[in-house]
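> This structure is in structure tokens; I'll ask about it shortly.
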Amino acid sequence: MKLVFAGTPEVAVPALDALLASGRHEVAAVVTRPDAPAGRGRRLVASPVAQRAEEAGIEVLKPVRPRDEDFLARLREIAPDCCPVVAYGALLPKVALDVPARGWVNLHFSLLPAWRGAAPVQHSLMAGDQVTGASTFLIEEGLDSGPVYGVVTEDVRPTDTSGDLLTRLAFAGAGLLAATMDGIEDGTLQAVPQPVEGITLAPKIQVEDAHVDFAAPALRVDRVVRGCTPAPGAWTVFRGERLKLIQVTPLPDRTDLAPGELAVGKNNVYAGTGSYAVELLWVQPQGKKPMKAADWARGVRIAPGERLGV
């Protein structure tokens, strides 16, 4: 088939690579978000997908809005059979959805109908899911509600961050998306409507959602930290300034600390929760680089009874 691939961040690059490597389909163009400011100089930088497409000599389309007439006219000129999508980052209007004969097929990083929305991996981790995965589905006008072509499952590991899990899903999902394109062309795949039961939503994680409540149980604290790492970053407050929490580990045997109460050992830092303690492993004070929690604690000289979250 002739394909136009739509995607923007680094997590979409493995899927583009898989389609380019398959040799079976022609990736005629790529659709991505416009160049965005990055770095200290805030200069405009092309998206990872745009950079990869340019390396491969593929035409890159960067509409400000996918309903822009210039973009739609060029899409009709290319006349793709199908448009695979991975984390494009903009809502596709019906006028664009109607262009490819076989529609737009999205790779979504959850087992639909669970975790429809912008942050499925983060929400899956924060909810304590033990198994997650990726799904390919035909895009319709609803939010991630279209019929599903295929799924791949992935076990959630006890120390996974959303970054770890998303990286694995990006590569597993790339193979799924390529196989879905083959099945659509062969006529061997039929999209199956999603169940009406089991729908959960995964809206974008806001900064407030990443605030760690030490009155919650230790497992909840751990899930929030892992789910919000690397972005937007779990955080608490210490001495009136924000402290980012990068890695913690629950300690079921330590129950002597009140919620948020800190205790410092020779090379360890502990914090109480609503159940048992967690050990702080890596933190990032405001305006500084990430550091081992023990180094941070030595620098700030924690007094007995001091707490996080106050």
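The values are calculated or read from the model by the stated rules, or taken from the named source; none is laboratory data. No experiment lies behind these values; they were computed from the predicted model shown. Quick reminder, even Gly has a Cβ in these numbers, built from the backbone with ideal geometry, and neighbours come from all protein chains shown. The accessibility values were calculated without ligands, DNA or RNA, using every heavy atom of the protein model including side chains. Shrake-Rupley method; radii C 1.70, N 1.55, O 1.52, S 1.80 Å.
> Where residues in region 252-280 are surrounded by 15 or more Cβ atoms within 10 Å (Cβ to Cβ) and touching a helix residue (DSSP H, G or I) at 6+ places or on another chain (Cβ under 6 Å), which of them is farthest from D222 (Cα to Cα)?
Here the residue is V264.
> Tally the residues that are modelled with pLDDT of 95 or more and either loosely packed, with under 12 Cβ neighbours inside 10 Å or within 11 Å of F5 (Cβ to Cβ) (or both), restricting the search to region 27-49.
Adding up the residues that qualify gives 7.
> Could you say which residue among Q190, Q194 is open to solvent by 50 Å² or more (accessible area, probe 1.4 Å) and assigned to a loop (DSSP other than H, G, I, E, B)?
Details: Q194 fails: open to solvent by 50 Å² or more (accessible area, probe 1.4 Å).
Of the residues listed, the single one that is open to solvent by 50 Å² or more (accessible area, probe 1.4 Å) and assigned to a loop (DSSP other than H, G, I, E, B) is Q190.
> Would you please list the contacts, defined by Cβ atoms under 6 Å and residues six or more apart or on different chains, that run from a residue in region 272-300 that is touching a residue at least 40 places away in the same chain (Cβ under 8 Å) to a residue that is of a type in the set (F, W, Y)?
Matching pairs, first to second residue: T273/F214; A277/Y270; V283/W296; P290/W282.
> Here's something else I'd like to know. Could you check V64 against (1) crowded, with 16+ Cβ neighbours inside 10 Å; (2) at pLDDT 95 or above and say which number it fails?
Here V64 meets the rest and fails (1).
> Ok, one more. Assuming R102 fulfils every condition listed in (1) open to solvent by 30 Å² or more (accessible area, probe 1.4 Å); (2) under 19 Å from V11 (Cβ atoms) apart from one, which condition is it?
For R102, the exception is condition (2).
> May I ask you to list the residues in region 21-53 that are of a type in the set (V, I, T) and part of a strand (DSSP E or B)?
Within region 21-53, V27, V30, V31, V45 meet the criteria.
> Please go through (1) under 22 Å from V151 (Cβ atoms); (2) part of a loop (DSSP other than H, G, I, E, B); (3) open to solvent by 10 Å² or more (accessible area, probe 1.4 Å) for A90 and return the number of the only condition it doesn't satisfy.
(1)
> Can you say whether A174 is under 24 Å from L20 (Cα atoms), touching a Pro at 6+ places or on another chain (Cβ under 6 Å) and touching a residue at least 24 places away in the same chain (Cβ under 8 Å), as far as the supplied structure shows?
Values: under 24 Å from L20 (Cα atoms): yes; touching a Pro at 6+ places or on another chain (Cβ under 6 Å): yes; touching a residue at least 24 places away in the same chain (Cβ under 8 Å): yes.
Judged against the criteria, A174 is a match.
> Further question on the same structure: In the list L107, L112, which residue meets the criterion of being touching a residue at least 60 places away in the same chain (Cβ under 8 Å), touching a Phe, Trp or Tyr at 6+ places or on another chain (Cβ under 9 Å), within 22 Å of S145 (Cα to Cα) and assigned to a loop (DSSP other than H, G, I, E, B)? Explain how you work it out, then say what you get.
Values: L107 fails: assigned to a loop (DSSP other than H, G, I, E, B).
It is L112.
> Only one of these is crowded, with 16+ Cβ neighbours inside 10 Å, in a helix (DSSP H, G or I) and of a type in the set (S, T, Y): T132, T180. Name it. Steps first, answer last, please.
Details: T132 fails: in a helix (DSSP H, G or I).
From the options T132, T180, the qualifying one is T180.
> Can I ask one more? For D295, all conditions in the list (1) surrounded by fewer than 18 Cβ atoms within 10 Å (Cβ to Cβ); (2) assigned to a loop (DSSP other than H, G, I, E, B) hold save one; what is the number of the exception?
Result: D295 fails condition (2) only.
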